[in-house]
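Just so you know, all these numbers are worked out from the coordinates, no wet-lab data involved. This one's a predicted model, so the numbers in the text were calculated from it and none came from an experiment. Cβ coordinates were reconstructed from backbone atoms using ideal geometry, including for glycine residues, and neighbour counts include every protein chain displayed.
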Amino acid sequence: TDAYDTSKMDLKPIAAKLTQERHKGAFASGDSLNLTALLKPVDPAPVKTVQLDTTHKIIEIAPGVKFSGWTFGDQVPGPAIRARVGERIRFSMTNRSDEAAPGISLTAAPMMHSMDFHAAMVSPQDKYRSVAPGQTIEFEFTLNYPGVFMYHCGTPMILEHIASGMYGAVIVEPRGGYPTKVDREYLVVQSEFYAKPDPEGRKVDGGPLYVLDNERLRAAQPTHTVFNGSHNGMVRNPLPAKAGERVRLFVLNVGPSKTSSFHVVGTIFDRVWLEGNPDNQMRGMQTVLLGSSNSAIMEMVIPENGSYIMVDHHFANASQGAIGLISTESK
Amino acid sequence: TDAYDTSKMDLKPIAAKLTQERHKGAFASGDSLNLTALLKPVDPAPVKTVQLDTTHKIIEIAPGVKFSGWTFGDQVPGPAIRARVGERIRFSMTNRSDEAAPGISLTAAPMMHSMDFHAAMVSPQDKYRSVAPGQTIEFEFTLNYPGVFMYHCGTPMILEHIASGMYGAVIVEPRGGYPTKVDREYLVVQSEFYAKPDPEGRKVDGGPLYVLDNERLRAAQPTHTVFNGSHNGMVRNPLPAKAGERVRLFVLNVGPSKTSSFHVVGTIFDRVWLEGNPDNQMRGMQTVLLGSSNSAIMEMVIPENGSYIMVDHHFANASQGAIGLISTESK
Amino acid sequence: TDAYDTSKMDLKPIAAKLTQERHKGAFASGDSLNLTALLKPVDPAPVKTVQLDTTHKIIEIAPGVKFSGWTFGDQVPGPAIRARVGERIRFSMTNRSDEAAPGISLTAAPMMHSMDFHAAMVSPQDKYRSVAPGQTIEFEFTLNYPGVFMYHCGTPMILEHIASGMYGAVIVEPRGGYPTKVDREYLVVQSEFYAKPDPEGRKVDGGPLYVLDNERLRAAQPTHTVFNGSHNGMVRNPLPAKAGERVRLFVLNVGPSKTSSFHVVGTIFDRVWLEGNPDNQMRGMQTVLLGSSNSAIMEMVIPENGSYIMVDHHFANASQGAIGLISTESK
Ligand SMILES: [Cu+2]
Ligand SMILES: [Cu+2]
Ligand SMILES: [Cu+2]
Ligand SMILES: [Cu+2]
Ligand SMILES: [Cu+2]
Ligand SMILES: [Cu+2]
Ligand code: NA
Ligand code: NA
Ligand code: NA
Ligand code: NA
Ligand code: NA
Ligand code: NA
Ligand SMILES: [Zn+2]
Ligand SMILES: [Zn+2]
Ligand SMILES: [Zn+2]
Ligand SMILES: [Zn+2]
Ligand SMILES: [Zn+2]
Ligand SMILES: [Zn+2]
Ligand SMILES: [Zn+2]
Ligand SMILES: [Zn+2]
Ligand SMILES: [Zn+2]
């Protein structure tokens, strides 16, 4: 018997619902959401209600580099959803790109946005359609495969929407959870930014505003390649672990256009589950190559006290900010 | 017992034969050939006689972009050969780069060409040697491994010959066929073009003639990245499928220089056979990373009515034309 | 029982030792070292004593292209270490970047260097720290996983240290050796160079001195992509093999920034062990995609007399020198 018997999958297509009703208050909600690298255990509810609204927001992609971003849930990367195979996601999203955040003037005009979940098996025409500012889309789907899946805005030019920050991860565990035990679980999302000082000279907090450099974007020549949205962010704030502990990293390479050669200095990946599925297991890897929207779960032991360096071993990318630490001196 | 016991393989090297005799008429022939994305079942003959002649031809790589191409079988990509492990390919090729197609003046001088089959185990010096315009080369080989293999011209500068259109696929099924059943089978060949308007200002059909941009080619900065030879070609002409059907995609990334992050929006790859060999199986993948001359077979279910978007999720590539549709509204 | 039970691994952290004592004489020593593509069988000593000193040296990366390199063991790539799982490496390195080689004036000022072994599980802060010219660092570690692992200098800017030549391979066999038998074993290390004529106009042997082109380096636009340190080096000096023989290639892609689509013209990889670990086996591959610091062991049969062409099938890379031969006419 096949664990993925597609004839027995719960596909149950229900049409997406488009309304003129607007979410108020928080830009993201749901017990299954994880806002940072530190992952909570999976929430027990068999149906996960998830709200992720789109916003336009100034984000700091490197110290002093304030970039005109577009978001899911008002952060980049967007919140990670964690669930299990067989569970259902009940999703809603208001396009709130027309709301100015407090104290910040809009830098990008309100525009259409949408949601494409790689974890779903649904018609893109229906569920992933673009919605106008002020509109809300709702749809649901069942999780059929374990994995670490990308979500992102699918509105043309998709390349620009991803490069502006509209992405996040859905972690889907096997029905019975993972076959191994670990001490720590962290999420690392790699992505590229293509930033230039605003040609119109707009400022933010007295410094230059950075906007999307479309020429670099089309040529796949990023200015920043980062983990979890911030140039060397986890160098400044290392992920904690203790000597002898087993750490499980969930790594998603968003791109939008480059590969990642993900490596941790000082240890070896004991197990690697390509695309985050334990059925796709490799052992003893130094480095895992991930295309745009590929992912992997990697488990490793922290051999002794010290700081272990996560890096895209394409070192031109690392030099752009794709560096982070797992450290026994961090709390 | 090893399914690939190399000591029992039929390698039987027979020297290639070079003649001054010229094929006339059709540029391609053979019951095992497939000219489009739609794949026929494998032909039952244990020896496949295949003729693929080389031509120089204006090809339309995007609407209005007429490019000075070099071909196998007078089309880009060249016809796909389909066969099974243990069968034999009896191949012949006339270099017809000196024949002007009707109504078209030659844009590239006649030149040497050759054939390199990744599916073969033979001496390149002998079988893959370059032949002059008007000459015919013949050789044969047994198929020892299942897979989706690239073929291409191997005449220096190889980079230019591939970038000009000289490539195609050989599909080799396992001896007993594939272990799963599907409703549809399609071939998708991804490749890059490096085109610039002819510096000499030559025209075709009243519009500009495009020629190879050698500077972009050497820098690996394509102008077009396409499926099956045409920018967004399968957006204009989607591949048909019905809701609930299982589709098997045979995907070959030709390059010549880039990777593909192949993805289908709206579904998940149930099985992925890396290099097209069921022994190399992955499950539940969102995206498959393919280097230049890598391939995979991907099977997936079409969950409901709609249009499912094939894309290189390196989105700078997708924006250059690497987009296609599988649609329940297509026939 | 898990072959890689991390709770039973010999991690035994012993602090690295830093001394002001300097190695004299040979820049590399150890019975486990392999200086060329031709690999010796593994040395039987359970503890491998390895000395690899760093030097600054003019290296010829292509005929007539004399480049200001930095090395391990006075060669690029550095010597390959060969050992088995469970064995221990006792390593020492003197930073001898302040010693001028005979007849050659220094082209790069002495500087800090360090050693990062991907084969090790140790604290980078301790073992991989940077040492000043004249200092010696010593540390040891046990080999816990089979594989083909990269080593490299880890001193910032790491990108520049790798691009200047500071890398090599550690081959770790399974405890009982490999599960297959072969006739030949060769090591192929792919790497990129980013070279420009010295802006200060310095000469070497009457010709131009080439130095690191930092602009190309940061943009990941190499000038040379080579196997074993030399543009088309193994075209001039092919690796020998006989018809019918089984050849095992150990391939490491150093980068520092590009992927390799490794292929051999005229045969098919019977077995591919990703990262050099037989547990990660693929069959019947035409091409193996390797990220920066990825590796693979590939076994293949030489079907008949001839010259078989190793190539990075990203052909823009091959055109930069990533070509070599395995030939039945070579000795
Ligand atoms: Cu959007
Ligand atoms: Cu490294
Ligand atoms: Cu040709
Ligand atoms: Cu997507
Ligand atoms: Cu160094
Ligand atoms: Cu080839
Ligand atoms: Na490591
Ligand atoms: Na070439
Ligand atoms: Na999908
Ligand atoms: Na686009
Ligand atoms: Na750096
Ligand atoms: Na081949
Ligand atoms: Zn930065
Ligand atoms: Zn969007
Ligand atoms: Zn390392
Ligand atoms: Zn186009
Ligand atoms: Zn050719
Ligand atoms: Zn998708
Ligand atoms: Zn060169
Ligand atoms: Zn260094
Ligand atoms: Zn080939």
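Just a few scattered comments:
- GluC sites (Glu not before Pro), loop per DSSP, at most 14 other Cβ atoms within 10 Å - longest free stretch of chain C: C:22-199
- Fraction of beta bridges assigned by DSSP in chain B that are antiparallel (%, nearest 5): 75 percent
- Residue among C:THR180, C:THR155, C:THR107 with the largest mean-square fluctuation in a Gaussian network model of chain C, springs linking Cα atoms under 10 Å: C:THR180
- Taken about its Cα centre, the range B:1-142 carries a charge dipole of roughly 100 debye when the Cβ of each Lys and Arg holds +1 and the Cβ of each Asp and Glu holds -1.
- Neighbourhood net charge (15 Å Cβ-Cβ; Lys/Arg +1, Asp/Glu -1) for A:GLN286: -4
- The spacing between the range A:30-66 and the range A:253-312, judged by their C-alpha centroids, is 22 Å.
- Cα-projected label distance for A:LYS8 with A:GLU329, points at 7 Å along beta-carbon direction, nm: 5.3 nm
- Long-range HN-HN contacts of C:ILE58 with modeled amide H, under 5 Å: C:GLY69
- Cα gyration tensor, chain C - rounded (a/c under 1.5), prolate or oblate: oblate
- Only helical runs count toward this figure. For chain C, summing -39,500 (n - 2.57) over DSSP H runs of n ≥ 4 and dividing by all residues gives -1000 deg cm²/dmol at 222 nm.
- Shape call, the range B:226-299: gyration tensor on alpha carbons, a/c limit 1.5: oblate
- Placing +1 on the Cβ of every Lys and Arg and -1 on the Cβ of every Asp and Glu, with no other charges, gives chain B a dipole of roughly 240 debye about its Cα centre.
- Among beta bridges from DSSP that stay inside the range A:6-173, the antiparallel ones total about 75%.
- Over the range A:185-327, relative contact order from alpha-carbon pairs under 8 Å, at least 6 apart, %: 29 percent
- Radius 13 Å from Cβ of C:ALA3, net charge of other residues (Lys, Arg +1; Asp, Glu -1): 0
- All-pairs alpha carbon distance profile, the range B:255-331, 10 Å steps from 0, percent: 19, 47, 31, 3
- Once C-alpha pairs closer than 8 Å and six or more residues apart are averaged by separation and normalised to the residue number of chain C, the relative contact order reads 16 percent.
- Test item: C:122-131 mean partner chain Cβ contacts at 10 Å: 5
- Net +/- balance of residues flanking A:ILE137 in space, Cβ distance below 14 Å, scoring K and R +1, D and E -1: 0
- Between A:GLU200 and A:ASP183, the simple spin-label model (points 7 angstrom out along Cα→Cβ) gives 5.2 nm.
- Trypsin sites (Lys or Arg not before Pro) restricted to the range A:164-246 and DSSP loop, no more than 10 other C-beta within 10 Å: A:LYS181
- Cβ-derived FRET efficiency at R0 22 Å, C:ALA132 paired with A:ALA243, nearest 0.05: 0.20
- Cα-based equivalent ellipsoid of the protein assembly as shown: semi-axis lengths in Å, sorted from largest, via gyration tensor: 39, 39, 28
- Calculated label separations, B:ARG90, copies of the chain, 7 Å along the beta-carbon direction, nm: 6.7, 6.7
- Relative contact order of the range A:139-185, pairs being alpha-carbon contacts under 8 Å that are 6 or more residues apart, as %: 41 percent
- DSSP bridge analysis restricted to the range B:185-327 gives an antiparallel fraction near 80%, rounded to the nearest 5.
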